[in-house]
Amino acid sequence: MNDTQLLRYSRHILLDEIGIEGQQRLLYAHAVIIGAGGLGSPAALYLASSGIGRITLVDDDTVDLTNLQRQVMHTTERIGQPKAESGRAALLAINPEIEVTALRERAGPARLLELARSATVVLDCSDNFATRHAVNRACMEAGTPLVSGAVIRFDGQLSVFDPRQPEAPCYACVFPEDSGAEDVACSTMGVFAPLVGVVGTVQAAEAMKLVIGIGKPLVGRLLLLDGRAMEWTAIGVARNPACPVCAARPHAPAR
């Protein structure tokens, strides 16, 4: 690290659990963020400010006035711009020393697998089950840890799915594709703005813990947030030995 980086990241370096070595791991890491909206905004902002060296934002949508109530990476002046490009501008304004790639696309299975294989960690900040399952399949095949979050109304949830751990469940173990669950859109149900900040920020924290190799990640645990009572509940989740996604997955070596 150069002198500017030592100063910029000094509050991390002061932490015994991180230090210079941990900060270097962040600088060498590549985080792929699927969705540059309510969850992706705080997650990306904290990863950028914390020094994740490479960030890829994937989103095919454009900035809309209704987004600005909670999607803090975007501004009124950037209404109509692609969210991925708007997000890139916001991240580079905070930390011009990192590399940010903006992909304005709805990534299909092949693209998601390519991205997962290139990533140190993937953050699923999308808003629909189809994308979450597609991202999960890509991460399981690539052997890349996945940090998944979701928020609707006053409720949030998040977990970490790490295919490097043999007994760890995947997203499909917890939320099977054939469960009949239906997407609930915030455009019809609403969302309490600060909750996406809370959950997205925790996603960033979990991603950084995975990169640095510190603490106890949310593997095998589903964290639920009731925003009305401001209560967290942790539920243990187990791997489904018959899961069609991860039952026969190869165990990737630790990165």
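No lab work stands behind these numbers, since they all come straight from the coordinates. Values in this document were obtained by computation on a predicted structure and should not be read as measured data. Neighbour counts run over all protein chains shown; Cβ positions are idealised from the backbone, glycine included.
Some observations on this one:
- Couplings 3J(HN,Hα) for segment 110-122, derived from phi with the Karplus relation 6.51 cos²θ - 1.76 cosθ + 1.60 (θ = phi - 60°), are 5, 5, 4, 5, 4, 5, 4, 5, 8, 9, 7, 8, 10 Hz, where x marks Gly and Pro.
- Karplus-derived 3J(HN,Hα) values for segment 37-45, using 6.51 cos²θ - 1.76 cosθ + 1.60 with θ = phi - 60°, are x, x, 7, x, 4, x, 4, 5, 4 Hz; glycine and proline are entered as x.
- With one equal scatterer per alpha carbon and no solvent term, the Debye-computed log10 I(q)/I(0) for the chain at 0.08, 0.16 1/Å reads -0.29, -1.22.
- Each residue in R54, R11 was given a count of other beta-carbon atoms within 10 angstrom of its own, and listing them fewest first yields R11, R54.
- Rg and Dmax, both from the Cα atoms of segment 1-49 and both in Å, are 12.4, 34.
- Segment 66-128 and segment 129-145 have Cα centres spaced 17 Å apart.
- One decimal place: the segment F154-Q69 gains 29.1 nm when fully extended, by the rule 0.36 nm per residue minus the C-alpha distance.
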